[in-house]
Amino acid sequence: MSVTALYVPYKLEFEPLVRTEENIAIPMSREEMKYFKVLYVEPVQPIIVTVSLNADETDKEEELDEIELEDNYAGQWRMASLDLAYAKMYYPRAVPKYLTKSTETYIMPMSYSTPNILEFYTWKDEVPILKVTNPISEAQVVRFAVWGFKYAIEELKEVPKEYTVFPIYSAEYVIGGKGR
């Protein structure tokens with residue numbers, strides 16, 4: 001089993017990672033976790049994020065403010081590019097998400113055909129940054145669809161017997177990789 005399969009709990013069908021009354025652990029660092037109980041799960045219908053690109057613009061940074069959550073909430077999201085443009089995701093701000101040893105992967109118009117590639121998780125108002133690239137020499141407005149689930153959570157004082165790790169940040173950030 002690969003490290004990715006161990007760390008990122010993807011499911012083929014997009015469904016909530018945990019249910020009401022289950023416990024989650026959010027990694028703060030390699031050694032530290034915070035534990036929460038899920039009070040309820042709410043689906044979030046598709047949100048359209050728009051980015052205006054000039055003809056000569058490459059790597060425009062765009063923060064996903066549209067998916068900011070209140071305190072005591074966590075989010076599970078999927079994302080697809082609806083137009084002819086692609087983006088790299090950084091979460092936290094300086095760490096590339098979906099990074100391999102030799103390259104970074106992109107969110108592209110064809111990405112939605114692979115259901116697991118674009119799943120990511122957030123906590124409170126901490127959201128990823130997209131670096132959107134315009135592959136054509138024309139000004140355009142690019143749309144990304146984001147949908148998912150938000151979880152109302154309550155912090156636990158003690159470590160629960162059973163919990164699911166909620167991979168909020170990039171694994172490299174949590175374990176102190178060189179991208180940090």
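Each value in this text was obtained by applying a stated rule to the coordinates, not by laboratory testing. Treat the numbers as computed from the prediction; the structure is a model and nothing was measured. Counting neighbours? That spans all protein chains shown, and the Cβs are built from the backbone with ideal geometry, glycine included.
Approximating the spin labels as points 7 Å out from Cα along Cα→Cβ, the Glu126-to-Val159 distance works out to 2.0 nm. Let me make sure I get this right: for the range 42-116, a, b and c are the square roots of the gyration tensor eigenvalues over alpha carbons, sorted descending. Under 1.5 in a/c it's rounded, otherwise prolate if a/b > b/c, else oblate. Which is it? The shape class here is rounded.
Taking packing as the residue-averaged number of other Cβ atoms within 10 angstrom, the listed peptides 62-69, 135-142 run from highest to lowest as 62-69, 135-142. Only lysines eight or more places from Lys97 in sequence, or on another chain, were considered; those with a Cα closer than 24 Å are Lys11, Lys34, Lys60, Lys88, Lys124, Lys131, Lys150, Lys178.
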